[in-house]
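Novice: After the structure tokens below, expect a handful of questions from me.
The values are calculated or read from the model by the stated rules, or taken from the named source; none is laboratory data. Just so it is clear, the model here is predicted, and its values are computed rather than measured. Here the Cβ is made from the backbone with ideal geometry for all residues, glycine too, and neighbour counts use every protein chain on show. In case anyone asks, the SASA skips ligands and DNA or RNA and just uses the protein heavy atoms, side chains included. Shrake-Rupley method; radii C 1.70, N 1.55, O 1.52, S 1.80 Å.
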Amino acid sequence: MNFNIEPARGNLVLVVDDVPENLAVLHDALDESGFTVLVANNGEVALQRAAEAQPDIILLDAIMPGMDGFEACRRLKANLATRHIPVVFMTGLTEAEHVVAAFEAGGNDYVTKPLRTGEVLARIAAHMQTARLMDQARSALDAFGNAVIAMSPRDGKIVWQTPLARTLMQGYLVDSELTDWLAATQTAHSQGQSHPPLTLARGSRRLIFSAAEFSEDEQWMIVLREESDAVQIEKLMAAFKLTQRESEVLNWLIKGKTNRDIGEILGTSPRTINKHLEHVFVKLGVETRTSAAAVAMTKLRGGGRKEELERS
């Protein structure tokens, strides 16, 4: 029996079980039903194959030596690359505490042993259909350049994310910072107050999280955007016909820096910075630092388009 089948798009199942006979039975049943099957006989291998192959669904044995299914599921759901994959537990444990443990670990469903292949196939079909609908919605958001994540109000974990959001979060350590920010945002929201976005820095790049929809009973919708000093400077140059140095000065002005601060950063005098700002004010059609910052921020965030169209 060949377990190294090339994955087919849209019907890849990862089966995790330490008993070879169980793997063989499930492999044959799924293969005959048109699914492509990958297998793993322990939790560590399951984590690796899930991350590499990105299966559409995982059938996971609850009781295995070493890392059991509950721990494997927790790690799958803790990983940004695999937390979106539905997990169906396979277990002979039907006591309520074990069922609860499966769901608390992040499982989406469970089937009891001895397995009935018809039931397993029905559960797989249902969860894969739901996952496809969710993927279509996420892809639609992604197609319009939206990086969005949905988070559970119960535990603050990411429920789903658009592909663009997943890409943006790679390389940023987001878990603890995001959890703390969500708690503070929830507290402020319950008091009828707003809470500032979360900004995570990595070199000259910044990843910004803003709450779009926030409810105690439903998923929290968080919009992500990434900023870069280099990209921001280029945008300012193009938007207002600024020189490179004028754009650099305006970029630091937006961040609240004084002329002395900007001069130290750019290696020039405050008097020279003031001369650059005079040119910037003329090109932006403003007279003060505050107005310049406001106009520039509106342009960078995509605002002001209506006014431009009306003037044209």
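Novice: Of everything in segment 175-196, what is surrounded by fewer than 20 Cβ atoms within 10 Å (Cβ to Cβ) and under 15 Å from the mean Cα position of the chain (by Cα)? Give them in sequence order. It would help to see each step written out before you state the result.
Specialist: Kept after step one, since they are surrounded by fewer than 20 Cβ atoms within 10 Å (Cβ to Cβ), are these residues of segment 175-196: 175-177, 179-180, 183-184, 186-196.
Within segment 175-196, Asp175, Ser176, Glu177, Thr179 qualify.
Novice: If you scan segment 218-231, which residues turn out to be surrounded by 15 or more Cβ atoms within 10 Å (Cβ to Cβ) and of a type outside the set (A, V, I, L, M, F, W, C)?
Specialist: Gln219, Arg225, Glu226, Glu227, Asp229
Novice: Also, quick follow-up: Filter segment 270-292 for residues that are open to solvent by 50 Å² or more (accessible area, probe 1.4 Å) and not in a helix (DSSP H, G or I); which is nearest to Leu236 (Cα to Cα)?
Specialist: Gly285
Novice: When Glu104 is evaluated against the numbered criteria (1) modelled with pLDDT of 85 or more; (2) within 28 Å of Asp28 (Cα to Cα); (3) open to solvent by 60 Å² or more (accessible area, probe 1.4 Å), which criterion, by number, is the only one it fails?
Specialist: Against the list (1) modelled with pLDDT of 85 or more; (2) within 28 Å of Asp28 (Cα to Cα); (3) open to solvent by 60 Å² or more (accessible area, probe 1.4 Å), Glu104 comes up short only on (2).
Novice: Search segment 104-128 for residues that are more than 19 Å from Thr36 (Cβ to Cβ) and pair each with any residue that is small (Gly, Ala, Ser) and surrounded by fewer than 18 Cβ atoms within 10 Å (Cβ to Cβ) when their beta-carbon atoms are under 6 Å apart and the residues are at least 6 apart or on different chains.
Specialist: From segment 104-128, the pairs are Lys113/Gly92.
Novice: Take segment 39-84 and flag every residue that is within 17 Å of Tyr110 (Cβ to Cβ) and open to solvent by 50 Å² or more (accessible area, probe 1.4 Å).
Specialist: Ile63, Glu71, Arg74
Novice: Tally up the residues in segment 232-268 that are open to solvent by less than 50 Å² (accessible area, probe 1.4 Å) and assigned to a loop (DSSP other than H, G, I, E, B), please.
Specialist: 2
Novice: Enumerate the pairs (first residue in segment 240-252 and more than 11 Å from Leu284 (Cα to Cα); second residue anywhere and of a type outside the set (S, T, N, Q) and open to solvent by less than 30 Å² (accessible area, probe 1.4 Å)) with beta-carbon separation below 6 Å, excluding pairs fewer than 6 apart on the same chain, so at least 6 apart or on different chains.
Specialist: Correct list of pairs: Glu246/Val280; Ser247/Ile233; Ser247/Leu236; Glu248/Ile233; Val249/Ile262; Val249/Ile273; Asn251/Ile233; Trp252/Ile262.
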